[in-house]
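**Student:** Here's a structure for you.
The values are calculated or read from the model by the stated rules, or taken from the named source; none is laboratory data. These numbers were taken from a predicted model, which means no experiment stands behind them. Backbone-built Cβ (ideal geometry, glycine too); neighbour counts: all protein chains shown. The accessibility values were calculated without ligands, DNA or RNA, using every heavy atom of the protein model including side chains. Shrake-Rupley method; radii C 1.70, N 1.55, O 1.52, S 1.80 Å.
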Amino acid sequence: MNPSNVFQLELFYAVGSHRRLVRRVGLAFLLGSPFVFTAMPLAVKTTGLTMLLLFVGFFGAAVSTAKTRSDGRAMQLRILPIPRILVMLDRAWAGGVIDLLQIGPLIAFLLVVEGTGYDPSVWGPVFGYACATLLLLNILGHLLGAAVEGNAEIHLAGALAVGMIAFLSGLMPAPDLLKPVVASTSAWSPVFALKAAMDGACADASGSGTAVLSVSGGYLGLAALLFPALLRLCDLPGEGFGRPAGPR
């Protein structure tokens with residue numbers, strides 16, 4: 001493969017071989033399958049999958065950024081004739097697509113097991129929330145990874161940040177004193193919106209609730225991740241990361 005932009009380069013590093021692809025998708029599926037196929041309350045299932053998405057998206061992006069700096073790839077990316085914001089966005093889009101490959105099958109199986117099977121009017125918004133959440137978490141993870149130096153420090157900071165995001169998104173029980181704060185922060189959290197969408201879709205299918213789905217918001221999330229990713233993936237190869245092609 002001859003990548004023509006940072007997006008394609010990141011995809012190649014992450015899933016450039018069948019072994020790497022199977023390892024990434026298989027590990028996430030093994031970790032998340034108990035929240036899909038075992039008998040437990042729906043709220044526990046969706047909370048578990050959302051926490052896994054947090055670790056895969058945010059924590060994974062932060063650690064990946066720190067690793068890129070430690071192995072010298074960050075310096076190589078920095079000297080490319082590309083704006084740094086585009087490098088970060090390319091990495092975030094690639095990370096979001098890779099994370100969706102890992103989490104997407106689990107969400108799909110959950111909607112099949114707990115819902116009514118394949119229904120585009122439900123699946124589209126739920127996956128849209130997942131795309132928007134993964135894109136935002138990857139951007140935040142890259143920013144944290146760029147701000148914290150050292151592998152040990154980034155693992156600690158990433159784990160603490162995941163716990164804070166989960167708490168402020170309403171994924172953990174809050175004491176009475178902090179419940180108003182959590183209610184305010186979770187209302188603006190895409191992580192909470194994704195969990196609520198999965199809860200609503202599955203509860204509505206069983207007749208125990210009403211689906212909490214914003215169709216327009218969901219499809220905006222799909223477009224925010226997949227449309228730029230498709231454009232970057234279809235970029236013509238071999239032009240040296242945006243530099244004009246010289247004589248061969």
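**Student:** Taking the range 145-187 only, how many residues are in contact with a helix residue (DSSP H, G or I) (Cβ under 9 Å, 6 or more places away or on another chain) and more than 20 Å from residue 50 (Cα to Cα)?
**Tutor:** Total satisfying the criteria: 11.
**Student:** Could you figure out which of (1) open to solvent by 40 Å² or more (accessible area, probe 1.4 Å); (2) in contact (Cβ under 8 Å) with a residue 40 or more places away in the chain isn't true of residue 18?
**Tutor:** So the condition that residue 18 fails would be (2).
**Student:** Residue 39 - would you say it is modelled with pLDDT under 90 and buried (at least 23 other Cβ atoms within 10 Å of the Cβ)?
**Tutor:** No; evaluated as a whole, the condition is false for this residue.
**Student:** Inside the range 1-118, counting only helices (runs of 4 or more DSSP H) that do not spill past its ends, which hold 2 or more residues that are over 28 Å from residue 150 (Cα atoms), of a type outside the set (Lys, Arg) and in contact with a helix residue (DSSP H, G or I) (Cβ under 7 Å, 6 or more places away or on another chain)?
**Tutor:** In the range 1-118, 18-32, 34-37, 42-54, 84-114 are the helices (runs of 4 or more DSSP H) which contain 2 or more residues that are over 28 Å from residue 150 (Cα atoms), of a type outside the set (Lys, Arg) and in contact with a helix residue (DSSP H, G or I) (Cβ under 7 Å, 6 or more places away or on another chain).
**Student:** For the structure I just gave you, tell me whether residue 81 is crowded, with 21+ Cβ neighbours inside 10 Å and modelled with pLDDT under 90.
**Tutor:** Considered against the rule, which asks whether it is crowded, with 21+ Cβ neighbours inside 10 Å and modelled with pLDDT under 90, residue 81 comes out as no.
**Student:** Can you go through 100, 140, 144 and tell me which one is touching a Gly at 6+ places or on another chain (Cβ under 7 Å) and either in contact (Cβ under 8 Å) with a residue 40 or more places away in the chain or crowded, with 16+ Cβ neighbours inside 10 Å (or both)?
**Tutor:** Checking each option against the conditions leaves just 144.
**Student:** Hey, can you tell me all the residues within the range 43-72 that are modelled with pLDDT of 90 or more, open to solvent by less than 40 Å² (accessible area, probe 1.4 Å) and over 16 Å from the mean Cα position of the chain (by Cα)?
**Tutor:** Result: 45, single match.
**Student:** Taking residue 13 and the conditions (1) modelled with pLDDT of 90 or more; (2) among the hydroxyl-bearing types (Ser, Thr, Tyr); (3) open to solvent by 50 Å² or more (accessible area, probe 1.4 Å), which numbered condition does it fall short on, given that it satisfies the others?
**Tutor:** (1)
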